[in-house]
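The values are calculated or read from the model by the stated rules, or taken from the named source; none is laboratory data. Because the structure is a prediction, the values reported are computed rather than measured. Virtual Cβ from ideal backbone geometry, glycine too; neighbours counted across all protein chains shown. Areas reflect the complete protein model, heavy atoms only, side chains present, ligands, DNA and RNA absent. Shrake-Rupley method; radii C 1.70, N 1.55, O 1.52, S 1.80 Å.
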Amino acid sequence: MIEIGAQVELSHPAERVWRALTDRELLGRWFAEAEMVEGVPDRMLLRTAGLSGFQADVEVEVTERQEPDLLVLACDEAGRLSEVTCDVTATTQGCRLEVREVTTHGGWSVERQKPREQQLRQALTVRLPAILDWLAFQQVDLRRADGGMTAELPLVGVRGRAGRNPRRRRTLVAVVAGAVLLAGTAAWVTLPLDPKPVAAPVPTATATAPASSTATAGRATVVSTATPSARPSRATASATTRPSRTPSAKPSLTPTSAAPPPPPAPVTARYETESDRLFGYTGEIVVGNPGGAPVADWAVVVTLAEGTTVDDVEGANWRQDRRVITFTGAAVAGGGSQTISFDVRDSRPNAREPESCTIGGRPCAGL
């Protein structure tokens, strides 16, 4: 007994997947053309001759049907008998489809088994999701004539780069301008006043005059005591004023000196869309380390659209918290890089990239 199989996670309801498995026209779109056997409703002929891993057309008969969960087929390919089981399991994001083929009489050569399994896997992971996306889009589009149903089809406009919300950008500019104005006002308030008013020590000198006049009050020498007290006050004021100009002006320049530039980022990231389809795409992120020492603590954070999921991640560990995907991995050697590949099931028609991508709080290049 030889067994081959494949499994795929689909962001579509089980009823839609069941239709793709049992509708003759849809089956011909993603796997092989099918012809119904006249007079026998549960039998058909699959035109598989010429497909990789198949030697002839396959006669198929439905032996068990539990819509939309289970479909069992008895297959005859030029005398080689097998049984194909299609299990559909509902999930929170859609459903899971598992297809297994087990030989019951005869078998395939080693040269045919591997390409046969590759053919099945490619049909389930590439062509079937594309047909399901097309079917979903067609069902929504046909409802437009009913009125009030176009809300199910997300509106797609011209999208700019990551973090490109014009209103958010205007708000950021206003905040920065306010911060600069506030910093300028604070600097103006803290600047020293004009050195001329420093002659305030004059009252100190005049305050000593009454003491002198009090000491000579018996001789009534107010004029003579006022004259010597006035002259020293001027000298004292002059001596106080001159030195205050130099030290008060120079220290005020030191706090306004420019701060040194921040050090360069230790790691970088670049995003690129490898392939796309109607309701999804495959993204790639290259994490680079331009420095000389390895960097272990790095994380790439990707924000997706509402209702979007990620499958088949390669090159990193990952976790999803609603719309946010965080990728982490092993240390990146100095001068080296790490490539992350991930498949996205996006609810927006013709979406080509995530909403944002950052590494260490800095935007990824290419997005």
- Query: Which of the residues belonging to the range 14-36 are in a loop (DSSP other than H, G, I, E, B) and open to solvent by less than 60 Å² (accessible area, probe 1.4 Å)?
  - Reply: 23, 31, 32
- Query: Looking at the range 338-352, which of its residues are open to solvent by 30 Å² or more (accessible area, probe 1.4 Å), out of contact with any Asp or Glu (no Cβ under 6 Å at 6 or more places or on another chain) and not in a strand (DSSP E or B)?
  - Reply: 347, 348, 350
- Of the conditions (1) within 30 Å of residue 135 (Cβ to Cβ); (2) open to solvent by less than 50 Å² (accessible area, probe 1.4 Å), residue 291 clears all except one; give me its number. (1)
- Message: Which pairs turn up if I take residues in the range 34-57 that are farther than 15 Å from residue 81 by Cβ and modelled with pLDDT under 85 and look for partners that are of a type in the set (A, V, I, L, M) and in a strand (DSSP E or B) with beta carbon separation below 7 Å, at least 6 apart in sequence or on another chain?
- Response: 36/44; 37/44; 37/45; 42/62
- Query: Going by the conditions given, is residue 254 among the polar types (S, T, N, Q), farther than 30 Å from residue 139 by Cα and either loosely packed, with under 15 Cβ neighbours inside 10 Å or modelled with pLDDT of 90 or more (or both)?
  - Reply: yes
- Query: Applying the selection to the range 68-108, what residues are open to solvent by less than 50 Å² (accessible area, probe 1.4 Å) and among the small types (Gly, Ala, Ser)?
  - Reply: 74, 79, 82, 94, 107
- With criteria (1) modelled with pLDDT of 90 or more; (2) over 21 Å from residue 116 (Cα atoms), residue 85 comes up short on (2)
- Query: Any chance the range 45-59 includes a residue that's over 45 Å from the mean Cα position of the chain (by Cα) and open to solvent by 50 Å² or more (accessible area, probe 1.4 Å)?
  - Reply: yes
- The lone exception for residue 312 - which of (1) assigned to a strand (DSSP E or B); (2) surrounded by 14 or more Cβ atoms within 10 Å (Cβ to Cβ) it fails: (2)
- Write out, first by first residue and then by second, each pair whose Cβ atoms fall under 6 Å of each other, whose residues are 6+ apart or on separate chains, and whose first residue, in the range 297-316, is without any contact (Cβ under 8 Å) to a residue 40 or more places away in the chain while the second is assigned to a strand (DSSP E or B) and open to solvent by 40 Å² or more (accessible area, probe 1.4 Å). 315/339
- Quickly run through the range 317-333 and pick out the residues that are among the charged types (D, E, K, R), in a loop (DSSP other than H, G, I, E, B) and either exposed (fewer than 14 other Cβ atoms within 10 Å of the Cβ) or touching a residue at least 40 places away in the same chain (Cβ under 8 Å) (or both). 322
- Message: Looking at 69, 87, can you tell me which residue is among the charged types (D, E, K, R), under 25 Å from residue 15 (Cα atoms) and free of Cβ contacts under 8 Å to residues at least 24 places away in the same chain?
- Response: 87
- Task: Would you mind stating whether residue 28 is closer than 23 Å to residue 117 by Cα and at pLDDT below 90?
- Result: yes
- Select from the range 354-367 the residues that are of a type outside the set (Gly, Ala, Ser) and either open to solvent by less than 30 Å² (accessible area, probe 1.4 Å) or assigned to a strand (DSSP E or B) (or both) and list them in ascending order. 354, 357, 358, 359, 362, 363, 364, 367
